[in-house]
Each structure stands twice: as C-alpha cells, then as structure tokens.
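We did not get these values from a lab; they are worked out from the coordinates using the rules stated. All figures in this text were calculated on a predicted structure; none of them were measured in a lab. No Cβ is skipped: glycine too gets one built from the backbone with ideal geometry, and neighbour counts run over all protein chains shown.
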Amino acid sequence: MLVDPQSPARLEQAIARIGSRDGAGHVRLSPSVLRFLSDHAGAAEWEADFNAMIGYAASKGWLDDQGRVRAHLTFREADEVVSESDFKSAMRALPAGISAVTCGSGDEMVGMIVSSLTSISADPPMVGFFAHQNSSIRAKLLESGRFAANVLGEEHHDVISTFLSAPQGLARFANGSWAEGDHQVPVLTDALASMECDIVCTHPLGTHDLIVGKIRKTACSSANPVVHFNAATHSLVPVQTH
Ligand SMILES: Cc1cc2nc3c(=O)[nH]c(=O)nc-3n(C[C@H](O)[C@H](O)[C@H](O)COP(=O)(O)O)c2cc1C
C-alpha cells in the first residue's frame, strides 16, 4: 500500500480505521477492504487475479485468524519542492518568445505580455499560455471566451514597454499597429504571428491558469524575432552548423 506523507498520528488513525498495524512496515487488512481501496475492483480480470492471490495466501497460512492479509506499506517520498527563488533562477535560464495576449474590442481592449505561449496541437490547431490568477486580463479573458496571441519581435520594443508600464485597458494599445481582427480581438498587424483563438479549456495550476485556445485565424509577417532570457530581451543570431 502506498502511503502519502503525513504525521505518524494521522497514519495510525488511518490504519486503525481500515485494519491494524503489523510491525513497522506492514498492516493487516481484510480482502474486502483491499477490494474497496482498489480502482480496479469489479473488473473480471482483476477479480480473478485478486481471488487467486487471496486463495494462495490462505493455502500458505498467511491469513490471520480473522481472514486478513498482510499488506506491505510503501512510504511515498515527502512532497519536497524548491524555493520560489530557485524556481525563478531556473526559469530565467529558459529562453522564451514574447507575445502580447489580447482580448476585448473598442474601449474594452485588454492585454498582457506573456512568455508562456506554447504550441499544443496541430489538429485541431491549439495554443496555450499561463495567466496569473491575479492578472488584470483574467476577468475579460474568461468573460469574452477568446483571445489573440501576438508574437512580438525587435520592432515591438515600444509595444512591450507600454504593455508592461501602462494601466490595464486602452492605454496599453497606445503603441503599435493594432487593428480589430476577424474575431473581435485586438491583432497587431505586423506581429511575427498573430493567432485569433476561441478558449476551449482553462485549468488552474498553482498560481496560474492554463488557457487553451483553438486557433480560428493566423497571420504572419517577417519581423525580427526576440527571446526573453535572464530577465532581458535578446535578438536571435543564426548558429553556424557547419
Ligand atoms: C517577459 C515577460 C513574460 C511574462 N510572462 C507572463 C506569463 O506567461 N503569464 C503571466 O501571467 N504573466 C506574465 N508576465 C507578467 C505580466 O506581463 C504582467 O506584467 C503581470 O501579470 C501584471 O499584470 P497586469 O498589470 O496585466 O495585471 C510576464 C512579464 C514579462 C516581462
């Protein structure tokens, strides 16, 4: 039996509820408890194997006087994680593209700079990104159910700085060639790529929400790519491979 990290007192309580302890590394459980704990009980193949195993244990005299089997306890490693600063150091070493995620139209336009935009699936075409649950774009994003992901390049330095410094809303669109896309989302007309998406899935993960969009329209241009690395923006230089 796999045991999650927990206090010794809590573990003893849990064992007492379903059986009894048998030394440091084992417990005594009735076959019906084991069946109850299994995700596979009821499946014909599992039941046959399980009954054979109990029969074998009985034939060897391994069942106690109450007909209970002896189950080995395996202790799962503690759920240790790195500190937030170690996490950030590692993430600073991950080069990533920079995109402006936008939604809303007219006076209601909102947007946010993300480096978490990622390709998910080609068929159906889907991309995703992670939005902090406190981010000011979140409400509009979920309410409108759509977004545009605009991949930014060297030409978009002012777009990036305005998005990062201006208050949420129209002020973030003061720089750059923004136009309303076919799907009522703000599209940067000279972005390296723009993807107009309908949100098909959201999922909370720690501090962030995964937002997945099905791509309804794309446009590409030949702007010069940039990556975010070690808390700065870098241009790309082709690597000589021979
Ligand atoms: C290069 C870069 C990448 C970022 N990537 C993300 C991201 O993927 N997800 C996210 O929620 N915030 C990301 N942020 C932070 C947001 O752009 C924004 O500054 C922060 O969430 C505060 O947002 P608000 O004023 O839009 O509410 C990134 C910031 C920078 C500078």
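Laid out as a table, the results:
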{"quantity": "Of every Cα-Cα pair in the range 2-75, the percent that sits beyond 15 Å", "calculated": "58 percent"}
{"quantity": "Loop-resident sites, the range 1-93, for GluC sites (Glu not before Pro), counting at most 11 other Cβ within 10 Å (DSSP)", "calculated": "Glu77, Glu80"}
{"quantity": "P(r) tail fraction, the range 1-142 - alpha-carbon pairs more than 28 Å apart, %", "calculated": "54 percent"}
{"quantity": "For the range 1-55 versus the range 57-102, the gap between their alpha-carbon centres in whole angstrom", "calculated": "19 Å"}
{"quantity": "Highest-fluctuation residue, Ala139, Ala179, Ala14 considered, GNM on the chain with Cα pairs under 10 Å", "calculated": "Ala14"}
{"quantity": "Whole-Hz couplings from phi, Karplus 6.51/-1.76/1.60, listed for the range 69-82; x for Gly and Pro", "calculated": "8, 9, 10, 7, 9, 10, 8, 5, 4, 4, 7, 7, 10, 6"}
{"quantity": "Cα centroid separation - the range 129-170 against the range 227-242, whole Å", "calculated": "23 Å"}
{"quantity": "Lys, Arg +1 and Asp, Glu -1 on Cβ, resulting dipole of the chain about Cα centre, debye, nearest 20", "calculated": "580 debye"}
{"quantity": "Full-extension gain in nm, Gln66 to Ala139, via 0.36 nm per residue minus C-alpha separation", "calculated": "20.5 nm"}
{"quantity": "Most mobile listed residue (Asn134, Asn175, Asn51) in the chain, GNM with C-alpha springs under 10 Å", "calculated": "Asn51"}
{"quantity": "Dimensionless Rg/Rh of the chain - Kirkwood Rh, Rg from C-alpha atoms", "calculated": "1.23"}
{"quantity": "Charge context of Asn230, other residues only, Cβ under 14 angstrom, K/R +1, D/E -1", "calculated": "+2"}
